[in-house]
Amino acid sequence: MNNTGSTSVACYEDIAAEYYDPCRHPTCRDLRKLSDQFFRSHLLAGLPDDGDLVEMGPGSSTLAPVVAAMGSLSRVILVDSSRRMLSHSDQWIAAGARSVVASAEATGLRSRSASLIVSSLGDPYNTPEFWREVARLLKPNGRCLFTTPSFKWSSHFRSGSDQEVAEFLRSDGARLWMPSYVNDEKQQVLMIEAAGLFVDGREAFGTELLSTEPAPKLLCVRTGTPVVSAYVVRAGGRC
């Protein structure tokens, strides 16, 4: 664990074994379902003709299944700082996707090599350093699809020194604090633009879009209030 002020911040290695358990962690389940709605609509509209297709912090990949169905899995690079989280994508790695264990803020990938970057619920690394890395990696006119828990929802659970962490209650009773940087829309756009990128579109997803009863933790906001915010980000057409 790392220390931030008085709060001990855990690593995703600490929760990888059960993160995707839908019964133990229904909030994670539902946020991912809503996030996936955004990605599927954009990915199924078509992929860039060339360049790498990079997913940051995939865990169980959102990108790989869609791209595999299109016959382009060899173009996919899955970047995660946690080996145990990355193991949830072993089937796609075995089928031809490339895996890289690295921080989202410093991937080690070639500059201007990616035509598409995908980040589902990227709040653990939603920092200026991450967005500068996105700007470095994207080819001219390349695109980044990014989702995060919404500020309106997440602010219900944050106060004082806990503005940059999210609580995760592990099945063994351990109460862990995970890194989570969630900004209001204005701050988010300013951070992205400060990296030399521009926001080409914004979308919002609320619990009314779920086909089943929402996780209890999502019921603190009114129906129709966004719990997931999504951004379409583009690089400029630089030479």
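The values are calculated or read from the model by the stated rules, or taken from the named source; none is laboratory data. Fair warning: this is a prediction, and the values are worked out from it, not measured in the lab. Glycine gets a Cβ as well: all are built from the backbone with ideal geometry, and neighbour counts include every protein chain shown.
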Residue list for the stretch 175-202, filter: touching a residue at least 60 places away in the same chain (Cβ under 8 Å) and of a type in the set (A, V, I, L, M, F, W, C): LEU176, TRP177, MET178, MET191, ILE192, ALA194, ALA195, LEU197
statement: Filtering the stretch 106-125 down to residues that are out of contact with any Asp or Glu (no Cβ under 8 Å at 6 or more places or on another chain), touching a residue at least 60 places away in the same chain (Cβ under 8 Å) and not hydrophobic (A, V, I, L, M, F, W, C) yields GLY122, PRO124
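Give the residues of the stretch 203-230 that are basic (Lys, Arg) and either touching a residue at least 60 places away in the same chain (Cβ under 8 Å) or touching a Ser or Thr at 6+ places or on another chain (Cβ under 7 Å) (or both), sorted by residue number. Outline the logic, then answer.
Just the residues of the stretch 203-230 that are basic (Lys, Arg), to begin with: 217, 222.
If the condition is that a residue be basic (Lys, Arg) and either touching a residue at least 60 places away in the same chain (Cβ under 8 Å) or touching a Ser or Thr at 6+ places or on another chain (Cβ under 7 Å) (or both), then LYS217 is the only one that fits.
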query: Picking from LEU209, LEU145, LEU176, which residue would you name as being surrounded by fewer than 17 Cβ atoms within 10 Å (Cβ to Cβ) and among the aliphatic types (A, V, I, L, M)?
result: LEU209
- request: Return a yes/no flag: does the stretch 187-210 have any residue that is farther than 30 Å from ARG75 by Cβ and either at pLDDT below 95 or among the aliphatic types (A, V, I, L, M) (or both).
  value: yes
statement: Going through the stretch 17-26 in order, the residues found to be in contact (Cβ under 8 Å) with a residue 40 or more places away in the chain, surrounded by fewer than 17 Cβ atoms within 10 Å (Cβ to Cβ) and in contact with a helix residue (DSSP H, G or I) (Cβ under 8 Å, 6 or more places away or on another chain) are ALA17, TYR20
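Find the helices (runs of 4 or more DSSP H) located wholly in the stretch 122-239 whose residues include 2 or more that are of a type in the set (Asp, Glu), and list them.
128-137, 185-194
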message: Please go through the stretch 92-101 and give me each residue that is assigned to a helix (DSSP H, G or I) and closer than 22 Å to GLU133 by Cβ, ordered by number.
response: ILE93
task: Say whether the condition of being surrounded by 15 or more Cβ atoms within 10 Å (Cβ to Cβ), touching a residue at least 40 places away in the same chain (Cβ under 8 Å) and of a type in the set (Asp, Glu) is met by at least one residue in the stretch 92-105.
output: no
- prompt: Can you name the number of the only condition in (1) in contact with a strand residue (DSSP E or B) (Cβ under 7 Å, 6 or more places away or on another chain); (2) modelled with pLDDT of 95 or more that ALA17 fails?
  reply: (1)
task: Return the residue satisfying two criteria in turn: it lies in the stretch 44-79 and is in contact (Cβ under 8 Å) with a residue 60 or more places away in the chain and under 15 Å from the mean Cα position of the chain (by Cα), and of such residues it is farthest from VAL134 (Cα to Cα).
output: PRO58
query: Taking SER111 and the conditions (1) exposed (fewer than 14 other Cβ atoms within 10 Å of the Cβ); (2) hydroxyl-bearing (Ser, Thr, Tyr); (3) out of contact with any helix residue (DSSP H, G or I) (no Cβ under 9 Å at 6 or more places or on another chain), which numbered condition does it fall short on, given that it satisfies the others?
result: (3)
- line: Listed by range, strands (runs of 3 or more DSSP E) wholly within the stretch 1-91 having at least 3 residues that are within 28 Å of ARG136 (Cα to Cα) are 52-56, 76-80
